[in-house]
Amino acid sequence: MPLTDIQIRRAKAQDKPYTLNDGQGLSLLINPDGSKGWRFRYRFAGKARLMSFGSYSLVSLAEARDKRETARKQVVNGIDPVEERKAQKLAQQLSTENSFEAICREWHTNKADRWTVAYRDEIIKTFEQDIFPFIGKRPISEIKPLELLEVLRRIEKRGALEKTRKVRQRCGEVYRYAIITGRAEYNPAPDLAIALAVPKQKHHPFLSAEELPHFVQDLEAYTGSIITKNATKIVMLTGVRTQEMRFATWDEIDFDKGVWEIPAERMKMRRSHLIPLSAQVIALFQQLKPITGHYPYIFIGRNNRKKSISKESVNQVIELLGYKGRATGHGFRHTMSTVLHEEGFDSAWIEMQLAHVDKNSIRGIYNHAQYLDGRARMLQFYADQLYPQK
């Protein structure tokens, strides 16, 4: 006789488990601890089988009967309900493991040691804000090009065209990683470029060789902080990025060898960078030693001595000198490259000095030492042109 909800609720626990039958293979198991769970018995391929439908507290009588009917139809159609459930769980598990977010985080972890901490954090934060909420849970192989395009257009509509371009490229890297690890077959990201607005190319303003002496003269007359003044000179004379300069510490400077070694974690491409120091740059560091020698950073902030100068400090000096829109801290790298190339210095030396990536990593490591003497002569020449030694 079919069960009723009243009968089930009134069923009391006994010393041993017992069952209440609802018919057609469905029963309710009453355990000594009072818990009640649904069971479905059936035969498949001549063998007796048993599967659980969950506890009565979560699955009502009506729901259990629906599950029974579904399972009975599967048996009639030659499907083993237990094996079908296993297959569905496996598919769900694989779907979770192969989701865009899971693969992206795996890719990010594997690449992390090649990036600076700030760059690494910026990448994953962008995915968490702009990508994961929309397609993060979807299996990567099932995401259609149009779905990815719609997500990218959300960024584009904010007017962040350059960010859209970078995010599209990073999505492409995630897809390439998924392909080589056997979890996707097609990378839609490159093909979406034609459907997105192209950002206007931005160039950092830079001084010409003719303008450089006038800037040097104006910088010499600057009466502001000697820390930011010397920072500007050092960026100009070494070609380092302002980010690489800002967090310099005194243990990176070897006055005896005349070398500044920037650790890999602060470099854009996550490779340590040796910079030979001209006599002029050594003198600039020595001027700062009595001022900041006991602080964590060489270029300490004005308001907080435990922090470095801000990322805009060099550009603020340039602006105060009247060169806003005509020069930037990053633009000094372009100026240096132009001047040194025109003077006939080896292009490999120049590229190495600017820490540009050598496409052949083995050759890059070898040249790191090979070019040091040449770069030292080159930088001394450059410093002598801007600040002739007396």
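The values are calculated or read from the model by the stated rules, or taken from the named source; none is laboratory data. Bear in mind that the values here come from a model prediction, so they are computed numbers and not experimental data. FYI the Cβ positions are ideal-geometry reconstructions off the backbone, even for glycines, and counts take in every protein chain you see. Side chains included, ligands, DNA and RNA excluded: accessible areas come from the protein's heavy atoms. Shrake-Rupley method; radii C 1.70, N 1.55, O 1.52, S 1.80 Å.
Annotations
- Any hit, region 309-317, residues being within 19 Å of Thr228 (Cβ to Cβ), under 26 Å from the mean Cα position of the chain (by Cα) and among the acidic types (Asp, Glu): yes
- Check on Gln353, surrounded by fewer than 20 Cβ atoms within 10 Å (Cβ to Cβ) and of a type in the set (S, T, N, Q): no
- Listed conditions (1) out of contact with any helix residue (DSSP H, G or I) (no Cβ under 9 Å at 6 or more places or on another chain); (2) of a type in the set (A, V, I, L, M); (3) closer than 22 Å to Glu101 by Cα are all met by Leu192, apart from (1).
- Residue tally, condition out of contact with any strand residue (DSSP E or B) (no Cβ under 6 Å at 6 or more places or on another chain) and either open to solvent by 90 Å² or more (accessible area, probe 1.4 Å) or of a type outside the set (Ser, Thr, Tyr) (or both), over region 33-53: 8
- Residue match in region 133-146 (condition: more than 18 Å from Arg165 (Cα to Cα), surrounded by fewer than 16 Cβ atoms within 10 Å (Cβ to Cβ), without any contact (Cβ under 8 Å) to a residue 60 or more places away in the chain and among the basic types (Lys, Arg)): yes
- Of everything in region 241-267 that is of a type in the set (Asp, Glu) and at pLDDT 90 or above, the residue that is nearest to the chain's Cα centre (by Cα) is Glu261.
- Taken over region 75-125, the residue count meeting the criterion of being open to solvent by less than 30 Å² (accessible area, probe 1.4 Å) and either among the aromatic types (Phe, Trp, Tyr) or at pLDDT below 85 (or both) is 5.
- Counting the residues of region 313-335 that are assigned to a helix (DSSP H, G or I), open to solvent by 10 Å² or more (accessible area, probe 1.4 Å) and within 20 Å of Gln353 (Cα to Cα) gives 2.
- Restricting attention to region 1-19, the residues that are crowded, with 16+ Cβ neighbours inside 10 Å and part of a strand (DSSP E or B) total 0.
- Only one entry in Glu156, Glu185 is loosely packed, with under 14 Cβ neighbours inside 10 Å, over 30 Å from Glu244 (Cβ atoms) and in contact (Cβ under 8 Å) with a residue 40 or more places away in the chain, namely Glu185.
- Here Glu265, Glu210 are screened, and the one residue that is touching a helix residue (DSSP H, G or I) at 6+ places or on another chain (Cβ under 8 Å) and either β-branched (Val, Ile, Thr) or more than 21 Å from Gln380 (Cβ to Cβ) (or both) is Glu265.
- The helices (runs of 4 or more DSSP H) falling completely within region 198-300 that include 3 or more residues that are open to solvent by less than 20 Å² (accessible area, probe 1.4 Å) and touching a residue at least 24 places away in the same chain (Cβ under 8 Å) map to 212-220, 226-238, 279-292.
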